[in-house]
Amino acid sequence: MIVAIANQKGGVGKTTTAINLAAALALRGKPTLLIDLDPQANSTMSFLDMQQVSRSVYDAIAEAGVTLEEVIVPSPVDKLSIAPSRIALAKLEAKLVGEMDAHFRLKDKIEPIRTRYPHIVIDCPPTLGLLTVNALVAATHLLIPIQSSYFALEGTDDLLETIEKVKARPNPNLELLGVLVTLHDKRTTLAREVYEQIQRVFGPKLFQTVITKSVRLEESPAYKESIFSFAPQSSGAIEYAKLCEEVLSRV
Ligand SMILES: Nc1ncnc2c1ncn2[C@@H]1O[C@H](COP(=O)(O)OP(=O)(O)O)[C@@H](O)[C@H]1O
Ligand SMILES: [Mg+2]
């Protein structure tokens, strides 16, 4: 399974989902790789100090001679490795302009290490540009986090259109694994209405697991920990563990 976590909106819980889903998968004992494709490097910083990061996914994608394996580093979570990001990733689009294989770079770099990591999670930037397309071309599955809010579904048309384009040619096997409601506030009627609205659009693709708002989920990256070691009894830990089960039951 190579699952891309994508939504071109920022602040919808992509990174929080990527780091905690990856940690949950690793805790189940299988080697897991978290690939950070966002130049802002939030996933990377959730587990590592940037001083520890000398090479990044940028080097592997931009340079033919650099393998992904060379940039991968271990994380504080057992069995979880990270292909870190750096701000340099923002230059990738300009670097690859006119290259015939621009959309396939990540896929090609993942291929030699696929068997080593049964689970790969890709955290995408908040755009539908070349980096996200590289993730969608490399992925077997896509998970879309949607923030529970009045404007929840705005912009999903563009995302679904991009997915259809990727499926039409470069990656016909890409499968929508599911849509995840995040930052949910159970107390408000609006949140309940938004959930029902998302359910009408996505039907069975909507995960039953909902990620509620939790301060613990916001805090854990500052301590370089996943939610499972930082606050194992918190709602966030319980919900992301449940999501992991649902994800595994769907692949
Ligand atoms: N369930 C949640 N409860 C509380 N805060 C959350 C939750 N999910 C994400 N956040 C916080 O919201 C902000 C945006 O989330 P993030 O995962 O970085 O989104 P994205 O990667 O889509 O931009 C971050 O500060 C994050 O800590
Ligand atoms: Mg992010």
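Just a few scattered comments:
- Residues of the range 134-151 satisfying the condition of being surrounded by fewer than 23 Cβ atoms within 10 Å (Cβ to Cβ) and away from ligand 1 (no atom under 16 Å from the Cβ): 137, 140, 141, 150
- Residues (under 17 Å from residue 251 (Cα atoms) and either of a type outside the set (Val, Ile, Thr) or touching a strand residue (DSSP E or B) at 6+ places or on another chain (Cβ under 8 Å) (or both)) located in the range 114-137: 114, 117, 118, 119, 120, 121, 122, 136
- Pairs where the first residue, in the range 18-30, is farther than 16 Å from residue 217 by Cβ and the second is in a helix (DSSP H, G or I) and within 16 Å of ligand 1 (Cβ to nearest atom), C-beta under 9 Å, 6+ apart: 25/244; 27/228; 27/241; 27/244; 28/244
- Pairing each residue of the range 231-251 that is over 10 Å from residue 214 (Cβ atoms) with any residue that is polar (S, T, N, Q) and assigned to a loop (DSSP other than H, G, I, E, B), provided the two are 6+ apart or on different chains, yields C-beta distances under 8 Å for 251/140.
Listed here are the residues, each with its yes/no results for (1) within 20 Å of residue 242 (Cα to Cα); (2) in a strand (DSSP E or B); (3) away from ligand 1 (no atom under 16 Å from the Cβ).
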site	(1), (2), (3)
4	yes, yes, no
7	no, no, no
11	no, no, no
21	yes, no, no
24	yes, no, no
34	yes, yes, no
40	no, no, no
51	no, no, yes
60	no, no, yes
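- Pairs where the first residue, in the range 63-80, is without any contact (Cβ under 8 Å) to a residue 12 or more places away in the chain and the second is surrounded by 12 or more Cβ atoms within 10 Å (Cβ to Cβ), C-beta under 9 Å, 6+ apart: 66/55; 66/59; 66/60; 66/109; 74/80; 74/81; 74/82
- Filter result for the condition that a residue is out of contact with any strand residue (DSSP E or B) (no Cβ under 7 Å at 6 or more places or on another chain) and modelled with pLDDT of 95 or more, over 235, 226: 226
- Taken over the range 86-143, the criterion of being within 15 Å of residue 163 (Cα to Cα), away from ligand 2 (no atom under 16 Å from the Cβ), in a loop (DSSP other than H, G, I, E, B) and of a type in the set (A, V, I, L, M) is satisfied by 139 alone.
The values are calculated or read from the model by the stated rules, or taken from the named source; none is laboratory data. Bear in mind the structure is a predicted one, so any value in this text is a computation, not a measurement. Cβ sites come from the backbone with ideal geometry, for glycine too, and all protein chains shown count toward neighbours.
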